[in-house]
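All remarks here apply to the structure that follows.
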Amino acid sequence: MSDDSFIREVNEELRQDQLKSIWRRFGPIAIGAAVLLVLATAAYVGYERWTASRANASGDAFSQALDLARQGENDEALSAFAELEETGYGSYPLLARMRAATVLVAKGDADGAVAAFDAIAADRSITDVIADVARLRAGLILVDHGSYADVAARVETLTADGNALRHSAREALGLAAWKEGKREDALRLFEQIAGDAAAPRNTRQRAELMTELIAGSSAAE
């Protein structure tokens, strides 16, 4: 046997001994890590399927409750929304609260609807955007069922420049002001809407009509 062959065999034996030593030291750890990876993957996939199943069930329940509301079966719809508030998943409990308040309006319970929207707006667990929408909804109801002060208490902060809801908030407050004879306040609010290029076209057109109406009534006097 040549020296080169002998050296290669010795090196091969040494490598095998090193591999065996490494496996004895780290083999169980590698196996354990592989098992944990498989279990973690299975748990993640199972959780995803479970959450998807809950979301789908809540979505179906919400759609069924909406159908009841559209059909005018208000009591049944309110019951369905109440159950969804308790057992729903994800954003559906909050959607159920919002929609239930709207059903109360359709049922003729304006006070109950305003109280429901006020409760949502005061809920610190929801986002500021949803709270602002709830304030606006309460204010819109109070245009017909409350005073200017009632409406202002909900929407006045939303009328600030830059607020995404400012157009609707100004319209609600303007209508409430017009109802109570606060013509200057109403005119100012409707002029703000009419002069805001970012306002939706329909909202701007209504504001222009109201501006003309208020100006015409002032001239007539």
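The values are calculated or read from the model by the stated rules, or taken from the named source; none is laboratory data. Source: prediction; values computed, not measured. Glycine also receives a Cβ, built like all others from the backbone with ideal geometry; neighbour counts cover every protein chain displayed. Surface areas here come from the heavy atoms of the whole protein model, side chains and all, with no ligands, DNA or RNA. Shrake-Rupley method; radii C 1.70, N 1.55, O 1.52, S 1.80 Å.
Structure data summary
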read-out	value
Rel. contact order, % - alpha carbon contacts under 8 angstrom, at least six apart, region 72-221	12
Förster radius 41 Å - calculated FRET efficiency between Lys179 and Ser63 (Cβ-Cβ, nearest 0.05)	0.65
Solvent exposure, largest accessible area first (probe 1.4 Å, DNA, RNA and ligands not counted), of Phe81, Phe62	Phe62, Phe81
Alpha carbon convex hull of region 74-156, volume per residue in cubic angstrom	75
Packing rank of 136-148, 196-208, 112-124, where each peptide gets the mean count of other beta carbons within 10 Å, highest leading	136-148, 112-124, 196-208
Length added when fully stretched, Glu76-Ala110, from 0.36 nm per residue minus Cα-Cα	10.4 nm
Mean separation of Cα contacts under 8 Å (6+ apart) over length of region 98-163, as relative contact order %	24
Residue-normalised accessible area of region 99-221, given per residue in Å² at a 1.4 Å probe	52
Whether region 120-165 is rounded, prolate or oblate, judged on the alpha carbon gyration tensor where a/c under 1.5 counts as rounded	oblate
Cα-based Rg / Dmax (Å) for region 158-221	11.1, 36
Projected label distance in nm at Asn202 and Val38, using a 7 Å step from Cα toward the beta-carbon	5.9
